[in-house]
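Any read-out appearing in this document is the output of simple, stated calculations on the displayed coordinates, not a laboratory observation. As the structure is a computational prediction, the values presented were derived from the model and not from experiment. Reconstructed Cβ throughout: ideal geometry from the backbone, glycine too, with neighbour counts over all protein chains shown.
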Amino acid sequence: MPNLPKGSKSGFWITPVLAILSATCLAQAPNPEPVSDQETELGQAMYKQLRDKGEIVESSPLYDTLKPIAVAIARVAQPQYPHPFKFFLVHEAQPNAFATPGGNVYVVDSLLHFVKNTEQLAGTLCHEVSHTIHRDGVALMVKEQKILEREVVAAILLGPTRAHIIAIALIGKLHSLGYSRDAESKADVTGSDICAEAGYNPWGLTWLFQDFQNADVGKIPQLLSDHPANGMRIQTLEKHFRDNPSSFSKFNRDPKSATPLSVPKDAPETFLRKETKSGV
Ligand SMILES: [Zn+2]
């Protein structure tokens, strides 16, 4: 069981199940929860969980590296999503990046040292932002909810405390569950559109895949070990680039054309442990 965020709300998760139950009793369609509110609450619950674990980096020179790339990507992606995109550095064991419903994107600090150039980092961020635009995180939680539906219904009968615990467990799982191959490829394609429009060479993501294909299996970080079939993903991107020459033909596919990423070494980090504003 992950650390339970203090004071987080369970209503967003449990209410739809209660609504289904009451619909069964009353034979009346429930009023759907506004999707936007649900996404924000899911995002906030994940934020609180990461903050309470002391993983969120409040201040670090690494934000100076992340910020200009995040700002450029958010400028292009924002019109496609109703909540503000915010990028947070987090400290975890594996170099990784993940997005949650509500617009928060989390970048593990070591990813900035792991990527070889600006385009690889930008490609990763564009990919994660696209998962949010596609509502992949919400879809994943709905799928998990169906799997656990019997347990959740049982939990409601047992009492709200246990139902709350299950809801929080699902939020924690969002972080570790993998998306479908199809969802990954779609996020690559949308991400490449966003990166190209933001001025970052969209070949960067394919360079990252290629580096991992050549890497020692044991050293592949979760970022891509969760993302199977990288060869197929490269092919899908190459086809997308060929089919849309007006957007992509101007970019150089040669990794030697990459822009170096300036990352301060041994950058000090302060961690967020109480409710203050952070992120870029
Ligand atoms: Zn992904």
Residue-by-residue Karplus 3J(HN,Hα) for the stretch 249-262, coefficients 6.51, -1.76, 1.60, Hz, glycine and proline x | 5, 6, 8, 8, 7, 7, x, 5, 8, 5, 8, x, 9, 8
When ranked by the protection proxy of mean other Cβ atoms within 10 Å per residue, highest first, what sequence do the peptides 183-193, 90-100 form?
-> 183-193, 90-100
Which pairs in the list LYS48/LYS86; LYS116/LYS265; LYS67/LYS143 are over 25 Å apart, alpha-carbon to alpha-carbon?
-> LYS67/LYS143
From the phi of every residue in the stretch 48-59, what ³J(HN,Hα) in whole Hz does the Karplus formula 6.51 cos²θ - 1.76 cosθ + 1.60 yield, where θ is phi - 60° and glycine or proline is x?
-> 5, 5, 5, 5, 5, 7, x, 8, 7, 7, 7, 9
Please compute the net charge surrounding GLU238, taking Lys and Arg as +1 and Asp and Glu as -1 over other residues with Cβ under 13 Å from its Cβ.
-> +2
Other-chain or far-sequence residues with amide H under 5 Å of GLU58's (modelled H) = THR270, PHE271, LEU272
Long-range amide H partners of ASN104, meaning residues 5 or more apart or on another chain whose placed amide H is closer than 5 Å, are LYS86
Net charge, VAL108 excluded, C-beta distance under 10 Å - Lys, Arg +1, Asp, Glu -1 = -3
Sequence order, the stretch 96-112: Karplus ³J(HN,Hα) from phi using 6.51 cos²θ - 1.76 cosθ + 1.60, θ = phi - 60°, Hz rounded, Gly and Pro as x, gives 6, 8, 8, 10, 10, x, x, x, 7, 10, 10, 10, 5, 3, 5, 4, 5
